[in-house]
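Quick note: the coordinates plus some simple rules give every number you see, no bench work behind them. From a predicted model like this one, the values you see are computed outputs, not experimental measurements. Because the Cβ atoms are built from the backbone with ideal geometry, glycine has one as well, and the counts that use them run over all protein chains shown.
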Amino acid sequence: MSEPVHIRLRPMGVDIESAKGTPLQDLLFSYGVEFPCGGHGKCKGCRVRVLEGSLPLSPAQEHMLSQAERDAGWRLSCQCTADNLTLELAQWEAQILADTSRFSFTPRTGFGVAIDVGTTTIVAQLLDMSRGEVLAVRSALNPQARFGADIMSRVSAAVEPGGRERLADVIREQIATMIAELLQAAGDPTRTVTDVVLVGNTVMHNLFCGVDVTPLSYYPFEPVSLATVEFTASGLGWEVPGDPPVRFLAGIGGFVGSDVLAGVFATGMHERAETRVLVDLGTNGEIVVGNRDRMICASTAAGPAFEGARIYMGMRAATGAVSAVRIEQNTLVCHVLGNVPPRGICGSGLVDAVANALRLGLIRAGGRFEDGGSSLTLAAPVKISQTDIRELQLAKGAIAAGIRLLTREFGVEPPAVHEVLLAGAFGNYVDTGSARRIGLLPFAAEQIQPSGNTALLGAKMALFAPAGTFDALAKRIAHVSLSELEGFQDIYVDEMIFPGGEPETP
Amino acid sequence: MEDLQKLYDAILTGNAKVSKEVTQQALAAGSDPQALVQKYMIPAMDEVGRRYEANEYFVPELLISARAMKASLELIRPLLAARGAEPAGRVVIGTVKGDLHDIGKNLVAAMLEGAGFEVIDLGVDVPPEKFIAALNEKKANLVAMSALLTTTMNSMKTTIEAFKAAGIRGNIKVMIGGAPVTEKYAEEIGADGYSTNANGAVALARKLVAA
């Protein structure tokens, strides 16, 4: 029997009892800590600061953490095991983005559940389908995140022996729990559910449905199947009153899944004559260009910078995060969420900080600090490092190049696009002026329209849509592999540079 | 020579037009092509690498410097070949089977060329037999391969196994790179070395051919 130990987590004030030697990764995961690199000691996402007790350094940690960080007590929790400790977590609670938009529908009887299965976060809503009213909402971290933050590390985990079953089991269990919680929250755990609809990217679809993801692990990345898969709740081992059908909607192609399909449906861009662009700014960015006659889509790996991950003082948009930065009298002024001292910076804050530092001439177009320094303090102790700017350049370069290539492939110039719809959490919080200044979005301010969680909205609309509607829509959207387009590398590299500092119209 | 300092500066700042012009003028004026490479181009690319390591330069700067270097090298290469000059080493490079992410690979190829290596670039999604054919045909002593994804990096292992099966593993040095690669992984699959970036790859290649 191992020696019992006691771990205190700050700032949440959580106390954990465990056995000495238990991997901290296992313990912290259940408290919402994410492991962006999958717990391999290759990023600093899971870092913790030792306030009391001690954690030994391993070579991997010495490689990732600076001397100053090590001296300040920072460790990579994925490389450590339990002992008597008080730890400060670098990560805070997850951001929730539920959808509250109204939409038109033909009333049906019964209760439906719509679920957006994100790579990072799952959001589920319970609807009274006779009134189209949301009765309850639940969100949770995707429990597969312990196997890696991005879709490729999930694929990697799934192709290992037993991986496919393991990843399917954890996500199915999590969603079963969320459905039970929705019914509980709506006041009647025995209420009969008539329909459950799930949307998500190709990897989320395949992993939930138990499809072999091996072909997604190498070029040309073509899934075995992206068709709508219909289960019954009991077939999944779920005890849901009414034993409803559970449908994971069809994807489009490549890594572009039913979350984007639902987004297209929700925005109605497939019914309009004018050409629109839908951009989902996430770790995996997705772009759709089109109108009622023709639509094309692509995905692009932007990395986690927009979500505040792999950023030196990065965090989610939670209490203590610098979420916005503006210029006042030629200096940078920060807005901190929750009216507390600043402790980190989230994606929208990072984009603002870099945009305004470019305006003030503190950062050059190539991304280097003008003074040759290694960091820029925003609001002590929060600063952005040179490496943070490089991460942002990679992320924005991937998205901007994707937009440039896909609009070119469609045959439309960016200024001629009728409307640019921004989906996803980051798209709703980022300042569009700042996004334009760093060259993330090559569009005019009046073209850009933040559009909320269009995936969840589309999933809800799918509860009401006639059977086959979404499958038919998926067939109308062609998938394009960006890296195979001519000039991909040159355009991607060009887009890593910030646009010149010419004056812009607000 | 003041004029040739311009060659160094043009490569450092990524001005392909100027580097090509200066090289043309220098060759026309009778400069030794070998000396241009050794005294100006390699030091310029070394400085580019140093700036990248110091976070002063980023991927775009590295690529435009590499382009400038290549513009000069294209003029010089035939002259060196004509006089039978030996390169620092012959490297066969490519992304392994299943992987088509070549920005990092292209940087390494350019930096190696800048450092005086003869680079045989097989491109992307290169199966083991293609590596083996090129190694045999070009009498190369070094192979550099990369994979960006955790899912494709195991192709590096199968490629090294194919070298063994073909009986050529003992004749060559193998270096690997790419985001998911670690020192431990390099050891596990029996590579001779790994690097996390293009600059480090040059130092590693120099070390491996000297060994």
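Structure notes:
- In this rough spin-label picture, where each label sits 7 Å from Cα along the Cβ direction, the B:Glu137-A:Arg166 distance is 4.2 nm.
- FRET efficiency for the A:Leu362 to B:Leu75 pair, using the beta carbon distance and R₀ = 60 Å, is estimated at 0.90.
- A viscosity of 1.567 mPa s and a temperature of 4 °C, combined with the Kirkwood radius over C-alpha pairs in the Stokes-Einstein formula, give the protein assembly as shown a diffusion coefficient of 47 µm²/s.
- Built amide H within the under 5 Å cut-off of A:Val5, gap 5+: A:Ser18, A:Ala19, A:Lys20
- Using R0 = 22 Å, the C-beta based FRET efficiency linking B:Arg206 and B:Ala85 works out to 0.80.
- Theoretical ellipticity at 222 nm over the protein assembly as shown - DSSP helices of four or more residues, -39500 (n - 2.57) apiece, nearest 500: -11000 deg cm²/dmol
- Look at the alpha carbon pairs under 8 Å that are at least 6 residues apart: their mean separation over the length of chain B gives a relative contact order of 18 percent.
- Approximating the spin labels as points 7 Å out from Cα along Cα→Cβ, the A:Asp188-to-A:Gln489 distance works out to 6.3 nm.
- Contour excess over end-to-end distance, with Cα ends at A:Thr319 and A:Lys475 and 0.36 nm allotted per residue: 51.9 nm
- Coupling constants for the range A:72-80 follow from the phi torsions by the Karplus curve (6.51 cos²θ - 1.76 cosθ + 1.60, θ = phi - 60°), and in residue order they are 6, x, 6, 9, 8, 5, 5, 9, 10 Hz; glycine and proline get x.
- Shielding by partners - mean other protein chain Cβ count within 10 Å, residues of B:52-59: 5
- If you take the Cα centroid of the range A:261-275 and the Cα centroid of the range B:34-61, the two points sit 49 Å apart.
- Eligible lysines near B:Lys157 by straight Cα distance, threshold 27 Å, same-chain separation 8 or greater: A:Lys42, B:Lys97, B:Lys105, B:Lys130, B:Lys138, B:Lys139, B:Lys173, B:Lys184, B:Lys207
- Partners for B:Lys39 among aspartates and glutamates (Cα-Cα distance below 15 Å; same-chain residues under 8 apart left out): B:Glu2, B:Asp3, B:Asp9, B:Glu47, B:Glu113
- 14 Å cut-off, amide nitrogen to a point 7 angstrom out along A:His6 Cα→Cβ, residues in the range A:38-60: A:52-53
- Distances between placed amide hydrogens fall under 5 Å for A:Ala82 paired with A:Gly21, A:Thr22, A:Leu24, all partners being 5 or more residues away or on another chain.
- By the rule of a C-alpha distance below 22 Å, with chain neighbours fewer than 8 residues away ignored, the lysines paired with A:Lys460 are A:Lys475.
- GNM on chain B, alpha-carbon springs under 10 angstrom: the most fluctuating residue among B:Leu63, B:Leu75, B:Leu135 is B:Leu75.
- Among the residues of A:221-231, the average count of other protein chain beta-carbon atoms within 10 Å of the residue beta-carbon is 0.
- Rg/Rg_ref, the range B:2-82, where Rg_ref = 2.2 N^0.38 Å and atoms are Cα: 1.04
- Backbone phi angles across the range A:415-422, fed through the Karplus curve with coefficients 6.51, -1.76 and 1.60 (θ = phi - 60°), yield HN-Hα couplings of x, 8, 6, 5, 7, 10, 9, 9 Hz in residue order; Gly and Pro are listed as x.
- Neighbour cut-off at most 12 other Cβ (10 Å), DSSP loop, GluC sites (Glu not before Pro), the range A:175-261: A:Glu239
- Gap separating the Cα centres of the range A:347-384 and the range A:133-212, nearest whole Å: 38
- Label-point gap, in nm, between A:Glu413 and A:Thr106 - each point 7 angstrom along Cα→Cβ: 4.4
- Across the range B:106-111, computed HN-Hα scalar couplings (Karplus, 6.51 cos²θ - 1.76 cosθ + 1.60, θ = phi - 60°) run 5, 5, 4, 4, 5, 5 Hz from first to last residue, x flagging Gly and Pro.
- Restricting the GluC sites (Glu not before Pro) of the range A:272-316 to loop positions (DSSP other than H, G, I, E, B) with no more than 12 neighbouring Cβ atoms within 10 Å leaves A:Glu274.
- Between the amide H of A:Ile448 and those of A:Val420, distances stay under 5 Å, these residues lying 5 or more places away or on another chain, with hydrogens modeled in the peptide plane.
- Number of partner chain Cβ atoms within 10 Å, mean per residue of A:209-220: 3
- Compared with the dominant Cα axis of chain B, that is its longest principal axis, helix B:198-210 is turned about 80°.
- Gyration tensor (alpha-carbon) shape descriptor, the range B:84-211, a/c threshold 1.5: rounded
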